[in-house]
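The values are calculated or read from the model by the stated rules, or taken from the named source; none is laboratory data. The model shown is predicted, which means the values in this text are computed figures rather than measured ones. Heads up, the Cβs are rebuilt from the backbone with ideal geometry, glycines too, and the neighbour counts pull from every protein chain shown.
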Amino acid sequence: MLHEGEREKMVTEKGIVADVSDHKAQVRIRKSSACASCEARDACHIHNTKEMVVDVNNDLQAKVGDLVEISVPTRSFLRISLLVYFLPVLALIFGAYVGGAWAASLRLPSTLVSVLGGGLAMAFSFAILRRIDRAAQCRAEFSPRMTRILVNATVRQLGDSK
């Protein structure tokens, strides 16, 4: 819980507004240096492109071409990251253990049943993560938000024409 005067720490990225409709904006964000050093960069939804597109509420009335800052609370980012990385690993270990115990009681090859149990438990964890993802998209604390307009599109165009 934050005390009066404290600001919540945020994970921030900069991007350019690509499209605006109603109260939403699509922001193109270039991969940052954090992406380059991330161990999961190849498994990420960015798929080796240089940019990703994020949908955010356009509470600041940004216009196409504006350079904006997108933020997610660090606490929310870490909670989701923990789930995404640790739930499948824990499910794999638990499933392999249960599979091995079950195989011993049924006199089946323990290695095969452990592998199958781990795989099934891991697949089940991905299904759970998909449901969590859908639920998190509806919650403001997990959604990225536009926090600042850094450079107005008209100012950028004037600077480019010189």
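Below is a table of values for the structure above.
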read-out	value
Set 81, 105, 114, 125: member being in a helix (DSSP H, G or I), free of Cβ contacts under 8 Å to residues at least 12 places away in the same chain, among the polar types (S, T, N, Q) and more than 30 Å from residue 17 (Cα to Cα)	105
Some residue of the range 14-30 being outside any strand (DSSP E or B), acidic (Asp, Glu) and at pLDDT 55 or above	yes
Sole exception among (1) outside any helix (DSSP H, G or I); (2) under 13 Å from the mean Cα position of the chain (by Cα); (3) charged (D, E, K, R) for residue 59, by number	(2)
Inter-residue pairs, beta-carbon under 7 Å, first more than 17 Å from residue 88 (Cα to Cα) and in the range 130-144, second surrounded by 10 or more Cβ atoms within 10 Å (Cβ to Cβ) and of a type in the set (Phe, Trp, Tyr), 6+ apart	136/142
Matching option when the condition is polar (S, T, N, Q) and within 30 Å of residue 57 (Cα to Cα), among 105, 143	143
Test result for residue 66, surrounded by 15 or more Cβ atoms within 10 Å (Cβ to Cβ) and within 30 Å of residue 19 (Cβ to Cβ)	yes
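The rows are residues; the columns are (1) surrounded by 12 or more Cβ atoms within 10 Å (Cβ to Cβ); (2) small (Gly, Ala, Ser).
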site: 115; (1), (2): yes, no
site: 123; (1), (2): yes, yes
site: 129; (1), (2): yes, no
site: 133; (1), (2): yes, no
site: 137; (1), (2): no, no
site: 143; (1), (2): yes, yes
site: 149; (1), (2): yes, no
site: 152; (1), (2): yes, no
